[in-house]
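Following: one structure in structure tokens, then a few remarks.
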Amino acid sequence: MELVFAGTWTSRVTKRRVQRPPQDLAMERYARGDEAAFGELYDAIAPRLYAFLLRQTRSEAAAKDVLQQTMLKIHLARGTFEEGAAVLPWAYAIARRLWIDSTRRVKREAPLDETREDAADDPSPDDQAYAGELAARLQRELAKLPENQRVAFQLVKQEELSIAEAAAVLGTTESAVKLRAHRAYQTLREALGDLMPFKEEGA
């Protein structure tokens, strides 16, 4: 009876453990040579990578360009992807390296036009103006932060990566990421007060 119960419990734990994000499974299939898996992988990670790059470059053209380079790098390096690994930290790390390289090459890109067509939900003019002003203030304060604090904060709070994933992207320790994100949060909280749109863990 104990053996049967142990076996059943183990199988349940194993089943639970195998439920991994679809992008990881797609990347594994793609790494093994399944070309059709690329479309599934792209749909899962490209929007998040683009949003991250857009915040860094503040240019739609530059963000799209670096995204294209990132997906190409992923394609070329797919044979090195380790089965069982998470694809997002790896992809973010590639995107971040390419973004840093591009800022060294390019002088300046045109600033992002913040009046894009996001009127699907048709918010009221007052709500739209308030949200736009808040986003602009947050962006201005973020730009004042040291780069290591800003990127750590964005990865954890805006991209919603775990501390471990953000540490993998930045090539540093989890404690360093926590410290950088905490310092960024404190600075932003002092600048924005009750308008701060993010809460710190444990607050």
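All of the numbers you see were taken from the coordinates with simple rules; none came from a lab. The structure displayed is predicted, hence computed values, not measured ones. Note: ideal-geometry Cβ built from the backbone for every residue, glycine included; neighbour counts use all protein chains shown.
Select from segment 136-183 those GluC sites (Glu not before Pro) which occupy a DSSP coil region and have at most 11 other Cβ atoms within 10 Å, ordered by residue number.
Within segment 136-183, the qualifying GluC sites (Glu not before Pro) (loop, at most 11 other Cβ atoms within 10 Å) are E160.
Please give me the summed charge of the neighbours of Q158: other residues whose Cβ is under 12 Å from its Cβ, Lys and Arg +1, Asp and Glu -1. All intermediate terms of the calculation are to be shown ahead of the outcome.
Numbers: positive: R48, R55, R150, K157; negative: E159, E160.
It works out to a net charge of +2.
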Residues R140, R96, sorted so that the one with the fewest Cβ neighbours within 10 Å comes first: R140, R96
Taking all pairs of distinct alpha-carbon atoms in segment 21-101, Kirkwood radius in angstrom: 12.6 Å
